1. Let me understand the range 1-87 better: what is its radius of gyration from the alpha carbons, and its Dmax, in angstrom?
2. First measure r as the distance between the Cβ atoms of Arg84 and Lys178, then evaluate 1/(1 + (r/R0)^6) with R0 = 45 Å and state the FRET efficiency to the nearest 0.05.
3. Please identify the longest segment of the chain free of exposed chymotrypsin sites (Phe, Trp or Tyr not before Pro), where exposed means a DSSP state other than H, G, I, E or B and no more than 13 other Cβ atoms within 10 Å.
4. Viscosity 1.567 mPa s, temperature 4 °C: Stokes-Einstein D of the range 132-178 from its Kirkwood Cα radius, in µm² per second?
5. Can you pull the Kirkwood radius for the range 35-80, inverse mean 1/r over Cα pairs, to one decimal in Å?
6. Compute the relative contact order of the range 24-92 as a whole-number percentage, counting only Cα pairs closer than 8 Å that sit 6 or more residues apart in sequence.
7. Under the Kirkwood approximation for Rh and a Cα-based Rg, what ratio Rg/Rh is obtained for the range 94-183?
8. In whole Hz, what ³J(HN,Hα) sequence does the range 28-44 give by Karplus (6.51, -1.76, 1.60; θ = phi - 60°), x for Gly and Pro?
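The values are calculated or read from the model by the stated rules, or taken from the named source; none is laboratory data. These numbers come from a predicted model, not from an experiment. Here the Cβ positions follow ideal geometry from the backbone for every residue, glycine too, while neighbour counts run over all protein chains shown. For accessibility, only protein heavy atoms count, side chains too; no ligands or nucleic acids. Shrake-Rupley method; radii C 1.70, N 1.55, O 1.52, S 1.80 Å.
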Amino acid sequence: MSRIGRSPIAVPAGVDVVLSGRTVTVTGPKGTLSRSLHPDMTVAREADALLVTRPTEQKMHKQLHGLTRTLVNNMVVGVTTGYRRALEINGVGYRAALVGQKLQLNLGYSHPIEIDPPAGIGFELDSPTRLAVVGIDKELVGQVAAQIRSTRKPEPYKGKGVKYAGEYIRRKAGKAGKIGAKK
């Protein structure tokens, strides 16, 4: 039983939802998002809420029910408040800078890494070692944040690299010295 799929999606004031066939378009103060949904799922508008229904009790339909409801809810939240994914950079000399719209990362390589933001994504720098990816599409924000993290993943010995804010890095002990070794 999908408990997530059964709950209605509240549509706040100032948000316009257009249902045309399989496509759902949500427009709000921060922008517009559109997504094509699975043909078996039905989205209906009732007063100031959206309801997602499934045709049968098959396992696949139950799975799609909760997924569809979550995707549409993420669109509504995105156009009203937006999404933000914070990242931290650890390491001596590791830093980030904004050059126009591009993000420039110095992560110990022989060259700086430049990342162009896709449409609808922006970068915010709190300090040279703290940055955030912001946008209205939750999926795209997470994808760009993962791309930035993959430029230098945090390593387990010193913890150097790019990590998500609040991410715990399991540390390993370094190489053990030789005790009683002859010279």
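1. Here Rg and the maximum Cα pair distance are 13.1, 42 Å.
2. The formula returns an efficiency of 0.40 here.
3. Numbers: sites that count: Tyr109, Tyr157, Tyr168.
Value returned for the longest uninterrupted segment is 1-108.
4. On the way: Rh = 12.4 Å.
Rounded, D is 104 µm²/s.
5. Details: mean 1/r = 0.0897 Å⁻¹.
When all Cα pairs of the range 35-80 are included, the Kirkwood radius is 11.1 Å.
6. Working: 65 pairs, mean separation 23.5, N = 69.
This gives 34 percent for the range 24-92.
7. Values: Rg = 17.2 Å, Rh = 15.0 Å.
A ratio of 1.14.
8. x, x, 9, x, 10, 10, 9, 8, 9, 9, 4, x, 7, 7, 10, 10, 10
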